[in-house]
Amino acid sequence: MMTLMMIPICLALCFAPLLRSVINKTKAFFAGRKGPPWLQPYRDIRKLLGKDAVYSKTTTWLFRAGPLVSLTGVMLALTLLPMGSIPTLLAFPGDFLFLAYLLAQGRLFVVLAALDTGSSFEAMGASREVQFGALTEPVLLLAIATLSHHASMFSLSSIYQTGVPDIWSRAPIILLILALVFFVVLLSENSRMPVDDPTTHLELTMIHEVMVLDHGGPDLAFIEYMQALKLWIFSTLIVGLFMPSIELPVGLQCAIFLAGMGVVGVAIGLTETMMARLRMEKVPQLIVGAGMLSVFTLLLEVF
Amino acid sequence: MPARMTSAMATLLCVDLMLISFSRFRILIYLLTVQGIMIGAMPFLLRDAPHSLFGYGLMVLSLGLRGVVFPWLLLVASRKIKLLQQGDCVLPHATAMALGMGLIMYCVWLGSRLSLPVPPMSSLMLPAALATILMGLMLIVTRRHALSQVLGYVVLENGISLLGISLHVEEEVLVELGTLLDVFVGVFVMGVMIYHIRQEFDALDMDQLSELRE
């Protein structure tokens, strides 16, 4: 039983950086380039882990704690996420609040570490991160609350394992709209294209990347890995909506799940290829729009 | 069948919400097309009994007009006056969206309160019809440009037609004919009006008309 429960977590820990490769390869394909090799994110992390960290004299313990605490929080969040019919390691009523708080705690510590450096540039990034985070978080909670309401269940694993197939049979439109909402939340939380450009490292427009400018070596590796895991978590929330409800062998479920993650990766890559980054004041509109959609699905009483 | 109907109605409500929150005219036309096709195809989904040839022809006509002709006319007109990329809503984006959401909530509440002689196929049918009518009205009120107001008018008529379908009116042919005639004449009259306004003033912004003096 325990080994079975560990499978989704191991998959996440192993394949999370690969999801970034899928996005990069998709973007490269549409731009007519070859793109970085599939294992590049792993190599980056290994390279960073082999380096020494340099700490500025102005920083305190907060700066060192930031990457560690946020990585731990996100890893803990993995234990809550259901995959197909495999039972999760942790499940209790209301655990989606715990998930949201773990992600928020990760964000808080990255922001605190950025503020700790005393650089105004990083403080600006932190301010933007918090601004968008404050908008995205209610949307995420509202979307999960909608799922919970329609499924009449209160823990992530029961929502996804018994509630979602039930909603599919009654009103599939709810799940399709929620998948869209989760996708917008994913794009915003992971600094993907319409919200933030992950490839611009020295522009004034960037949000997430600017906060980690002062981190180096293992700290940066932790942050990179944390971001890959975060992307994985949000993609899991989407893929979970489309997992087949029938009882399948574990291997097949994993294969379907990984294929679904690949599809989400390609979808992110496509979005980034087709859309330009939104102007800063347009981003709240996108997020608020997604929030409205989830309020709307909450309204849909299915009789 | 009810699940499919609920999904269709939820999609229509979504389209309503998007109509109020998007400002670019091109997107509005796409949304209108989706709405027109869905509402035009609704009678085909609802009726089980075989249709008379006349009723059948009328449904096809309605589908063709709502789903193809009106959006196409609006597209042609907006291309001519190069409106496609502009937005013209008088309200800020978030306010318009919140207002639309509020209206939809109100319609869902109202739909649950009203009791119909024949209960509709889906509990969302009445809210969707009411919301479409109100959204059409909102579009007419909150948009500056004459062409967007025409679009709002078409949306409003779509809503009336959906209301007719959901009320199970006996003489559905009459309702259909009535609304279709309304819209068709309406669109043509407005086409002529817009042409004349443009000839006279070089602009279709209704705010400028309010400054006219005798």
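Before moving on, here are some points about what is shown:
- Some residue of the stretch A:158-169 being open to solvent by 40 Å² or more (accessible area, probe 1.4 Å), of a type in the set (Phe, Trp, Tyr) and within 14 Å of chain B (Cβ to nearest Cβ): yes
- Condition check for residue B:150: touching a helix residue (DSSP H, G or I) at 6+ places or on another chain (Cβ under 6 Å), within 23 Å of residue B:23 (Cα to Cα) and more than 14 Å from chain A (Cβ to nearest Cβ): yes
- The lone exception for residue A:243 - which of (1) open to solvent by less than 20 Å² (accessible area, probe 1.4 Å); (2) more than 30 Å from residue A:118 (Cβ to Cβ); (3) away from chain B (no Cβ under 14 Å) it fails: (1)
- Scanning the stretch A:10-63 for residues that are open to solvent by less than 60 Å² (accessible area, probe 1.4 Å), of a type in the set (Gly, Ala, Ser) and under 23 Å from residue A:215 (Cβ atoms) yields A:12, A:16, A:21, A:53, A:56.
- For the stretch B:142-164, the set of residues classified as surrounded by fewer than 22 Cβ atoms within 10 Å (Cβ to Cβ) and farther than 26 Å from residue B:95 by Cβ consists of B:160, B:163, B:164, listed by residue number.
- Test: residue in the stretch A:49-72 that is assigned to a helix (DSSP H, G or I) and under 18 Å from residue A:258 (Cα atoms): no
- For the stretch B:74-96, the set of residues classified as surrounded by fewer than 19 Cβ atoms within 10 Å (Cβ to Cβ) and either closer than 27 Å to residue B:175 by Cα or more than 13 Å from every other protein chain (Cβ to nearest Cβ) (or both) consists of B:75, B:76, B:79, B:80, B:81, B:82, B:84, B:85, B:86, B:90, listed by residue number.
- Search result, residues across the stretch A:83-103 that are touching a residue at least 24 places away in the same chain (Cβ under 8 Å) and assigned to a loop (DSSP other than H, G, I, E, B): A:84, A:85, A:87, A:88, A:89, A:91, A:92, A:93, A:94
- Screening residue A:237 on (1) open to solvent by 40 Å² or more (accessible area, probe 1.4 Å); (2) more than 14 Å from every other protein chain (Cβ to nearest Cβ) shows it passes everything except condition (1).
- Failed condition for residue B:99, given (1) away from every other protein chain (no Cβ under 14 Å); (2) surrounded by fewer than 22 Cβ atoms within 10 Å (Cβ to Cβ): (1)
Residue by residue, here is whether (1) open to solvent by 10 Å² or more (accessible area, probe 1.4 Å); (2) modelled with pLDDT of 90 or more; (3) more than 19 Å from residue A:268 (Cβ to Cβ) holds:
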{"residue": "A:138", "(1), (2), (3)": "yes, yes, yes"}
{"residue": "A:141", "(1), (2), (3)": "yes, yes, yes"}
{"residue": "A:146", "(1), (2), (3)": "no, yes, yes"}
{"residue": "A:172", "(1), (2), (3)": "yes, no, yes"}
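- Number of residues in the stretch B:119-139 that are open to solvent by 10 Å² or more (accessible area, probe 1.4 Å) and closer than 17 Å to residue B:95 by Cβ equals 3.
- Taken together, A:106, A:118 contain a single residue that is of a type outside the set (Ser, Thr, Tyr) and not in a helix (DSSP H, G or I), which is A:118.
- If the condition is being among the aliphatic types (A, V, I, L, M) and within 14 Å of chain B (Cβ to nearest Cβ), then the stretch A:170-205 contributes A:171, A:173, A:174, A:175, A:176, A:177, A:178, A:179, A:180, A:181, A:184.
- Count - residues of the stretch A:262-290 that are open to solvent by less than 40 Å² (accessible area, probe 1.4 Å) and at pLDDT 90 or above: 10
- The helices (runs of 4 or more DSSP H) located wholly in the stretch B:1-73 that include 2 or more residues which are out of contact with any strand residue (DSSP E or B) (no Cβ under 7 Å at 6 or more places or on another chain), at pLDDT 85 or above and within 14 Å of chain A (Cβ to nearest Cβ) occupy B:2-21, B:25-46.
- Of all residues making up the stretch A:1-45, the number that are touching a residue at least 24 places away in the same chain (Cβ under 8 Å) and more than 21 Å from residue A:187 (Cα to Cα): 11
- Filtered by the rule that a residue be part of a helix (DSSP H, G or I), more than 7 Å from chain A (Cβ to nearest Cβ), touching a residue at least 12 places away in the same chain (Cβ under 8 Å) and among the hydrophobic types (A, V, I, L, M, F, W, C), the stretch B:102-115 gives B:103, B:107, B:110.
- Total residues in the stretch A:246-292, condition within 14 Å of another protein chain (Cβ to nearest Cβ) and not hydrophobic (A, V, I, L, M, F, W, C): 7
- Positions within the stretch B:199-214 being part of a helix (DSSP H, G or I) and either surrounded by 15 or more Cβ atoms within 10 Å (Cβ to Cβ) or at pLDDT 75 or above (or both), in sequence order: B:206
The values are calculated or read from the model by the stated rules, or taken from the named source; none is laboratory data. Computed from a predicted model, the values in this text were never measured in an experiment. For neighbour counting, all protein chains shown are included, and Cβ atoms are generated from backbone atoms with ideal geometry for every residue, glycine included. The protein model used for the area step is the full one, side chains on, heavy atoms only, and it has no ligands, DNA or RNA in it. Shrake-Rupley method; radii C 1.70, N 1.55, O 1.52, S 1.80 Å.
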